[in-house]
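The values are calculated or read from the model by the stated rules, or taken from the named source; none is laboratory data. Since this is a predicted model, take the numbers as computed values, not measurements. For neighbour counting, all protein chains shown are included, and Cβ atoms are generated from backbone atoms with ideal geometry for every residue, glycine included. Heads up: the accessible areas ignore ligands, DNA and RNA and are worked out on the full protein's heavy atoms, side chains in. Shrake-Rupley method; radii C 1.70, N 1.55, O 1.52, S 1.80 Å.
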Amino acid sequence: MAVSDHVDFNGFMEGVNRRNPHQPEFVQAVQEVAEDIFPFLDSNEEYHSQQILRRIAEPDRVVSFRVCWEDDNGNIRVQRGWRVQNNNAIGPYKGGIRFHPSVTESVLKFLAFEQTFKNALTGLPMGGGKGGSNFNPKGKSVREIMRFCQSFMTELYRHIGADVDVPAGDIGVGGREIGYMFGQYKRITNQFTGVLTGKGLEYGGSLIRPEATGYGAVYFLANMLATKDQDLVGKTAVISGSGNVATHAAEKIVQLGGKVLTLSDSGGFIHDPDGLSQEKIDWVKTHKTHRRGRIEEYVEAFPGATFTAGKTPWGVPCDVALPCATQNELLGEDAKTLIANGVQAVSEGANMPTDLDGVHAFRGAKILFAPGKAANAGGVAVSGLEMSQNSERRSWKEEELQQMLKDIMAGIHKSCETYGRQGDGYIDYVKGANIGGFKKVADAMLAFGVV
Ligand code: NDP
């Protein structure tokens, strides 16, 4: 990747590495953004002299805490919890909570950094944050999950608030967990405020929040295809993951006339050559999300499909690909395979699912490639709308929210086009998203002086 020599990119990255030892995911996320921002600094000296990128790449604060809970056998269990508040230049910190054994400070710092740019791109007043724990919800009873959520919130409540920091769900945290955490917040503070999003409809949640990330990633994909006078009708799609984002992305692809061939989980992937119908997607939602089953059981319910253990689905030829599981699940080699098989567009439903080699491969081959910070911003955008509804004590209708989501995704696409269009007409969405998000946050930071 060519970077400007006007300012010292290598020196900057050496510093990021030195200050964040053993935090590879965070360093990777900063590098991906810095590769685009450094050339941009050439013609924007003030951002450089005011050290804006250096400041965004240093979280405002990282809170780390102990979470004790008692399992069903009376054993005392100890987990670690975090909240990373990356930047609140344009609004209260906002970003999900992840419960997964792979959660580390590095993972949450990368997610909070990415979230800062993503939230800026939505056009809504939200800063960037992220939190979570290395707690593994798999195999836990509902009571154990409730006790863990309550214990987690017993510390977290000190650091959040409707105008301070508004967490939401992420991997391992859905409506049920948000309910337990909201209940505990309310109990401790005696306040009913919009302190969390992704809430149930009965107590301040927003319609279409569960669907928003997956639907938004597909709207973004449709916007990209439209620049080539194409749409999703008849296109084959390979999707990874089988959680909230993956199933809703699959649903929207089917609604728009595409054919979804795969879904996956950490055990492997299923390939259904007939395509997933709405009925099959509903089965996955019930089975995988609500009953916490495994995707491999799909082949028993739908015998035309095959299950491949321990592999990702990127070898299945397709027109469009949507990585919707987790970070670094699509590597350089996978990107090359997808390109060789003729993929036309890639939309990241997950956060940083493509590693740096993969990103370079897609951009190098001039594939339409939407980074997560643009493509999956629909979820946080509807969360932002949930915050507005809570503040105003109102709720918008589903059609209104669907239209707002579509408009926001079109706006993000426009922003990427503005800052990412190359001389040969190719839209570099990574560059567009990085510069578009950076500029908004940077301008606010300039207004505040050195703080
Ligand atoms: P869910 O917990 O609902 O689903 C996660 C899915 O990813 C599951 O199918 C899970 O499989 C799979 N998965 C997790 N870890 C791995 C792994 N190491 N290898 C392969 N598969 C894995 O999470 P979401 O759908 O909410 O989130 C998915 C991604 O989207 C994450 O990157 C998240 O940060 C991002 N995102 C989510 C938003 C939201 O609104 N929910 C908003 C924006 C981004 P298994 O059951 O085996 O663990």
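Descriptive notes on the structure:
- Per-residue SASA entry for Ser277, accessible area with 1.4 Å probe, Å² rounded to 10: 40 Å²
- Most to least accessible of Arg209, Arg363, Arg394 (protein chains only, probe 1.4 Å): Arg394, Arg209, Arg363
- Net charge dipole size for the chain [Lys, Arg +1 and Asp, Glu -1 on Cβ; Debye, nearest 20]: 1240 debye
- With DNA, RNA and ligands ignored, accessible area of Glu300 (1.4 Å probe; Å², nearest 10): 140 Å²
- Charge context of Tyr203, other residues only, Cβ under 12 angstrom, K/R +1, D/E -1: 0
- Region 246-340 gives an Rg/Rh value of 0.93, both radii derived from C-alpha positions and Rh following Kirkwood.
- Where Rh is the Kirkwood radius over Cα pairs, Rg/Rh for region 210-370: 0.93
- Within region 210-370, percent of DSSP bridges classed antiparallel, to nearest 5: 40 percent
- Whole-percent carbon and sulfur share, accessible surface of the chain, 1.4 Å: 48 percent
- DSSP beta bridges fully contained in the chain are about 55 percent antiparallel.
- Global form of region 112-194, assessed from the alpha-carbon gyration tensor, a/c cut-off 1.5: oblate
- For the chain, the direction-averaged projected area of the alpha-carbon convex hull comes to 20.9 nm².
- The ellipsoid that matches the Cα gyration tensor of region 3-56 has semi-axes, each √(5λ) in whole angstrom, of 20, 11, 9, with the longest given first.
- Net charge contributed by nearby residues that have their C-beta within less than 13 Å of Gly216 (K/R +1, D/E -1): +1
- Relative to one another, the C-alpha centroids of region 198-215 and region 366-388 are positioned 15 Å apart.
- For the chain, the relative contact order comes to 15 percent (Cα pairs under 8 Å, sequence separation of at least 6).
- Once the 1.4 Å probe is applied to the protein heavy atoms, region 137-239 comes out at 40 Å² accessible per residue.
- Accessible surface, 1.4 Å probe, highest first, among residues Ile281, Ile171: Ile171, Ile281
- Ranked order, Glu329, Glu399 - accessible area, probe 1.4 Å, largest first: Glu399, Glu329
- Taking each residue as 0.36 nm, the span from Asp42 to Ile188 lengthens on full extension beyond its C-alpha to C-alpha distance by 47.5 nm.
- Between Ala162 and Arg61, the distance separating the two model label sites (each 7 Å from Cα on the Cα→Cβ line) works out to 2.2 nm.
- Ranked from largest, the principal axis spans of the Cα set of region 12-163 equal 62, 33, 21 Å.
- The chain: calculated mean residue ellipticity at 222 nm from DSSP helix runs of at least 4, using -39500 (n - 2.57): -14500 deg cm²/dmol
- Distance from the C-alpha centroid of region 130-168 to that of region 58-125: 10 Å, rounded to the whole angstrom.
- Thr193 exposes around 40 Å² of accessible area when a 1.4 Å probe is run over every protein chain in place.
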